[in-house]
Amino acid sequence: MAQHTASLTPPIFNGEQYHMWTVKLKTFLRGKVLWQYVKENKQPPALGPNPALNQIRLHEEEATKAPRALSHIHTAVTELVFTRIMAYETAKEAWDKLNEEFSGSDTTRNMDVLNLRREFEMLKMQESKSTKEYVDRLMNVVNKIILLGEEMTDKRIVEKVLVSLPKRFESKISSLEDSKDLSQITLTDLVHDLQAQEQRRLLRQEDSSEGAMVAGFKGKVVQGGNKRFAGDKK
C-alpha cells in the first residue's frame, strides 16, 4: 500500500536536471488530467442561468482543477525553488517562471546542444567494453540532446553505433551490409544482433579454454603413465 501511495507523488525538483524533471511532471499532471490547466491556464466555463444541480456540481469540480494543478507544482519543488514561484497565483504563471529561470537562455541551450553533439560524435566503443555499456553511454547523451528540443533520429544513432564498432565486429558489419539495407535497421535490432554475436564469441572462448585445459590434463596423464612404464621396465 505504501508503494502505491508513493507512486502518486510528483517528482521533486531541487534546481538541477530541470529538463528531465519537466518530462516527469508533465506525465504526472497528464495522469491527473491537469496538464491543460498548466499549459493553457484553462478556466471552467461560466454557469448559465438556472443551472441544474448536476451542472453546479460539475462546475465546482472543474473549478478546483486549476488550483490543484498549482498545488502539485508547489509540492513538486523544494522550499528553495518554491520561493521563486510563491507569488504566482496560477499554475501557468508558476510553470512559465520555472521555465524562464531554469531552462536557460537560447545561447546557453545552443552551447549545451553543441557540447552534447560533440560528445556524441566522439564516443567510441572500446574493445574491452560490451555493447550494452556503450549503448547505455550513447543513449544517455542522446536523451539529453532530445530533452533540449533537438531531433535525433534512430537512423542517425544506428549509423553512429556502426562506425564506432571495434574490430571484433567487422564480420557482423559485413553480413549486415550484404543481407539488408542499413537504413532499414532499427537500433533495437542492431543491439540485439551485436549482443548475440558477443554471446557466441564468449561461448567460443569458453570452449577453447576448456579444450586447452583438457588437453593439458591429458598430457600430464600421459607423461605420468610413461614415467611409470619406464620404471616398471627398468
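The values are calculated or read from the model by the stated rules, or taken from the named source; none is laboratory data. As the structure is a computational prediction, the values presented were derived from the model and not from experiment. Every residue, glycine as well, gets a Cβ built from its backbone with ideal geometry; the counts of neighbours run over all protein chains shown.
Assess whether Ala94 counts as being over 30 Å from Glu170 (Cβ atoms), of a type in the set (Gly, Ala, Ser) and in a helix (DSSP H, G or I). Taking the combined requirement at face value, the residue satisfies it.
Only one entry of Arg68, Arg30, Arg84, Arg57 meets the criterion of being farther than 30 Å from Glu150 by Cα and within 31 Å of the chain's Cα centre (by Cα), and that entry is Arg68.
Scanning segment 38-54 for residues that are over 28 Å from the mean Cα position of the chain (by Cα) and within 30 Å of Arg109 (Cβ to Cβ) yields Glu40, Asn41, Lys42. Take the conditions among the polar types (S, T, N, Q), surrounded by 15 or more Cβ atoms within 10 Å (Cβ to Cβ) and either at pLDDT below 75 or not in a loop (DSSP other than H, G, I, E, B) (or both) and apply them to Gln205. Does it pass? Spelling it out, it is not the case that Gln205 is among the polar types (S, T, N, Q), surrounded by 15 or more Cβ atoms within 10 Å (Cβ to Cβ) and either at pLDDT below 75 or not in a loop (DSSP other than H, G, I, E, B) (or both). Residues that are outside any helix (DSSP H, G or I) and either under 22 Å from Arg84 (Cα atoms) or touching a residue at least 60 places away in the same chain (Cβ under 8 Å) (or both) do not occur anywhere in segment 43-61.
Being among the aliphatic types (A, V, I, L, M), in contact with a Ser or Thr (Cβ under 6 Å, 6 or more places away or on another chain) and either surrounded by 14 or more Cβ atoms within 10 Å (Cβ to Cβ) or at pLDDT 85 or above (or both) holds for only one residue in Met125, Met111, Met139, and it is Met125.
State whether the residues of segment 94-115 include one that is touching a Leu at 6+ places or on another chain (Cβ under 8 Å) and under 19 Å from Lys24 (Cβ atoms). Within segment 94-115, one or more residues are touching a Leu at 6+ places or on another chain (Cβ under 8 Å) and under 19 Å from Lys24 (Cβ atoms). Candidates Thr90, Thr153: the one that is outside the structural domain of Leu202 (by TED's automatic domain parsing) and polar (S, T, N, Q) is Thr90.
Per this entry, Ile12 is counted among residues that are aliphatic (A, V, I, L, M), exposed (fewer than 15 other Cβ atoms within 10 Å of the Cβ), out of contact with any Cys (no Cβ under 8 Å at 6 or more places or on another chain) and under 24 Å from Ile146 (Cα atoms).
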